1. Does segment 99-121 contain at least one residue that is open to solvent by 60 Å² or more (accessible area, probe 1.4 Å) and aliphatic (A, V, I, L, M)?
2. When residues of segment 8-23 are filtered for being closer than 25 Å to residue 229 by Cβ, modelled with pLDDT under 90 and of a type outside the set (A, V, I, L, M), how many remain?
3. Filter segment 169-200 down to the residues that are of a type in the set (A, V, I, L, M) and surrounded by fewer than 24 Cβ atoms within 10 Å (Cβ to Cβ), then identify the one that is farthest from residue 50 (Cα to Cα).
4. Counting only residues that are out of contact with any Pro (no Cβ under 9 Å at 6 or more places or on another chain) and modelled with pLDDT under 95, which one in segment 211-227 is least open to solvent (accessible area, probe 1.4 Å)?
5. Testing residue 185 on (1) in contact (Cβ under 8 Å) with a residue 40 or more places away in the chain; (2) out of contact with any Lys or Arg (no Cβ under 8 Å at 6 or more places or on another chain), one condition comes back false. Which one is that?
6. Scan segment 183-200 for residues that are modelled with pLDDT of 95 or more and either among the β-branched types (Val, Ile, Thr) or over 19 Å from residue 158 (Cβ atoms) (or both) and jot them down.
7. Which residue pairs have Cβ atoms closer than 7 Å, lie 6 or more positions apart in sequence or on different chains, and pair a first residue in segment 118-140 that is free of Cβ contacts under 8 Å to residues at least 40 places away in the same chain with a second residue that is of a type in the set (Val, Ile, Thr) and part of a loop (DSSP other than H, G, I, E, B)?
8. Out of everything in segment 39-73 that is at pLDDT below 80 and of a type in the set (Lys, Arg), what residue ends up being nearest to residue 26 (Cα to Cα)?
Amino acid sequence: MLTPERHQLILQMIKEKPIVKIQELVDITDASESTIRRDLTVLEEGKFLKRVHGGAARLKGKLQEPSMIEKSAKNLHEKKQIAQYSASLVEEGDSIYLDAGSTIKEMIPFLPAKDIVVVTNGLMHLPALMEKNIETYVIGGYAKPKTNAVIGRGALASLEQYRFDKCFLGVNGIHPHSGFTTPDQEEAMIKSKAISLSREAFVLADDSKFSEITFAKIADLHEATIITNILEEETKGLYTSKTSIKVVTP
């Protein structure tokens, strides 16, 4: 089977089911596993699909935005692993910014309770921060119901009053060329501003976010360290030359 024919068949299978395993593609194309892996890499670079562990998956719509409740229920084990490691980076005396992401929320139980200051735009973070008696500041602005994030012009102006040792952000997409993205341009502006106000920036993202591109750009890859759970070697190679990646293992 010629390469264009294989690519056409792979894309057809991705349309019919959201995730296709490498072995399925080997069986249907009668090609070697190494050939299929090369095909997937080419198609991922062309923004036709994304690599996932053991196969490939359909890309999401650029404006698709799950609610905070939906996000909180997905990949919970992976999020907690990432969150626990991320919280270990916070030191006594740090001022930190916690974005309104679902993985960021999982950091809070692991944060040191003393001698840190937290600034956040995440309304769902507040009960856990209050319970730990962590000194917390909430930026002002418009409270977006779907993601429980405070955004808008007031939020930007409020955020500008602070400076951070570290910021921790969630994103919807990570792509080697398009950088970090999110569906809402106003949330993207808040995340971008937090990066600019921080000495160090960290993006917390499970492997499902890689190779996705959503509507609004937050920052280029080199502007933040990525903390994730697992990556295919081929996928990892697309990113390691552009930024630092910490893969958290059990």
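1. No, the conditions are met nowhere in segment 99-121.
2. 2
3. By that ranking, first place goes to 197.
4. Selected residue: 212.
5. Unmet condition: (1).
6. 190, 195, 199, 200
7. 118/134; 134/116
8. Within segment 39-73, the match that is nearest to residue 26 (Cα to Cα) is 47.
The values are calculated or read from the model by the stated rules, or taken from the named source; none is laboratory data. Treat the numbers as computed from the prediction; the structure is a model and nothing was measured. Glycine also receives a Cβ, built like all others from the backbone with ideal geometry; neighbour counts cover every protein chain displayed. Accessible surface is based on the protein model in full, side chains and every heavy atom, while ligands, DNA and RNA are left aside. Shrake-Rupley method; radii C 1.70, N 1.55, O 1.52, S 1.80 Å.
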